Structure formats: structure tokens, C-alpha cells
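A.B. asks: Dropping a structure here in C-alpha cells format, bear with me for questions.
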Amino acid sequence: MRPLTEEETKVFFEKLANYIGRNITHLIDRKDEPYCFRLHRDRVYYVSEAIMRRATSVARDNLASLGICFGKFTKTGKFRLQITALEYIAQYAKYKVWIKPNGEMPYLYGNHVVKAHLGRITEDTPEHQGVVIYSMADTPLGFGVTARSTADTRKLDPTAIVVFHQADIGEYLRQEDTLL
């Protein structure tokens with residue numbers, strides 16, 4: 001367990017800022033007690049400083065995890081958010097998408113959100129922006145990346161993809177890079 005390096009911090013905060021923007025400061029500067037991000041076995045954990053100090057007495061090999069896992073660094077140095085961070089990301093998300101009950105199960109099984117399943121979307125959501133997906137009952141289900149802006153979404157047909165599922169974001173971005 002160690003603090004993130006400058007490069008790791010930059011990559012991690014860029015990914016997190018895509019979803020919660022400047023609200024990252026709310027995660028670190030808490031009123032109840034100070035929290036920090038620590039790296040252990042290529043995973044970034046969100047942990048209170050009191051627990052972090054206690055964990056230093058445990059050997060690295062014996063420490064399985066610590067706090068809430070926000071995601072992991074790949075071997076290429078990219079950062080991937082994990083669903084365990086959803087509770088914290090949902091609290092501070094800038095852009096949100098609500099899906100209808102008939103679209104919840106397709107999304108949870110790994111499909112994209114199509115316009116027919118879209119219940120509501122935050123106004124002025126830009127294209128390729130990280131969003132948190134909610135059910136109509138305001139239960140966070142996951143996160144993804146918008147395929148179209150809010151203005152473009154209104155003009156689409158019902159079968160058009162509005163939000164890419166989180167698991168497929170990397171594949172979509174690789175395809176877009178080859179098209180450019």
C-alpha cells in the first residue's frame with residue numbers, strides 16, 4: 001500500500017473528473033474525517049486516514065484489500081473504474097441518465113442504453129461525457145459514456161444508442177481512434 005505517483009494521480013483524477021468533475025474535492029476534504037487514495041496491487045482504494053495508518057502494520061502479502069476499491073490500473077497504465085465505486089460516484093455525478101423499468105435488465109446484462117429506454121437525462125449533457133445510470137426510482141445501476149449530446153438525443157430514432165455501457169467503452173474508443 002502506497003500513495004499514488006504523480007502520473008498515476010493524473011490518470012486517476014482525469015478518469016474520475018469525467019464523471020464527477022470538480023466534486024473530487026468533496027471526496028478528499030470531508031468534514032467527518034480525512035480520506036485518501038492509496039494504491040495496492042494496481043488497485044486504487046479510498047480509505048480513511050485512520051484505517052490507513054492501522055493497516056501499515058499489516059504485511060503487503062497479507063493485506064487483501066483496504067477501504068473501497070475505486071478501480072484498477074491496467075498493464076498499459078490506463079485506469080478502469082469498478083462498480084464498487086458507484087456509491088461515491090453517484091453522490092457527486094455531474095450528469096445523470098434515468099432509464100425506464102423495461103430498460104433496466106438489458107442494461108444490467110451489458111447492453112447499451114437506447115433512446116426507447118431513456119426516461120430522463122440531465123440537461124446540456126455533452127457527447128462522450130461520463131454519466132451515472134439510474135433507475136426511475138433513483139437507484140444507481142452503473143455508469144457509462146454518452147454517445148450523443150442531449151440536443152442530439154431528441155432527434156434520434158428509438159433504436160439509436162444513447163449511452164454506451166461501461167464495459168464496452170474501451171472498445172468504442174479504440175474503434176473511434178481508428179476512424180479518425
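A.B. asks: Projected onto the charge dipole of the stretch 85-167 (+1 at Lys/Arg Cβ, -1 at Asp/Glu Cβ, origin at the Cα centre), which of 95, 117, 141 gives the Cα projection farthest towards the positive end?
C.D. replies: Positive-end residue among those listed: 117.
A.B. asks: Relative contact order for the chain: what percent, with Cα pairs under 8 Å and sequence separation of 6 or more?
C.D. replies: Numbers: 293 pairs, mean separation 29.6, N = 180.
About 16 percent, as a whole number.
A.B. asks: Kirkwood Rh over Cα pairs of the chain into Stokes-Einstein at 4 °C, 1.567 mPa s: D in µm²/s? It would help to have the intermediate numbers written out before the result.
C.D. replies: On the way: Rh = 17.5 Å.
This corresponds to a translational diffusion coefficient of 74 µm²/s.
A.B. asks: Quick one: which of 31/100; 15/155; 78/155; 15/96 span more than 25 angstrom between C-alpha atoms? Show your work: numbers first, answer last.
C.D. replies: On the way: 31/100 36 Å; 15/155 29 Å; 78/155 34 Å; 15/96 16 Å.
Cα-Cα > 25 Å for 31/100; 15/155; 78/155; rest within.
A.B. asks: Using all alpha carbons of the stretch 39-108, what is the percent of pairwise distances in each 10 Å bin, ordered from the shortest bin to the longest?
C.D. replies: Over the stretch 39-108, the share of Cα pairs per 10 Å bin runs 16, 36, 30, 13, 4 percent.
A.B. asks: Could you run the Debye sum over the Cα atoms of the stretch 2-87, one equal point scatterer each and no solvent, and tell me log10 of I(q)/I(0) at q = 0.10, 0.11, 0.14, 0.23 Å⁻¹, two decimals?
C.D. replies: Result of the Debye calculation: -0.24, -0.29, -0.47, -1.28.
A.B. asks: Still on this structure, I have one more. Can you give the helix-only mean residue ellipticity at 222 nm for the chain, where every DSSP H stretch with n ≥ 4 adds -39500 (n - 2.57) and the sum goes over all residues, rounded to the nearest 500 deg cm²/dmol? Could the numbers behind the result be given before it?
C.D. replies: Numbers: 7 runs with 57 residues, N = 180.
The per-residue figure over the chain is -8500 deg cm²/dmol.
Read-outs: derived from the displayed coordinates by stated rules, not from any lab. All values derive from a computational prediction rather than experimental measurement. Note that each Cβ is placed from the backbone with ideal geometry, even for glycine, and that neighbours are counted across all protein chains shown.
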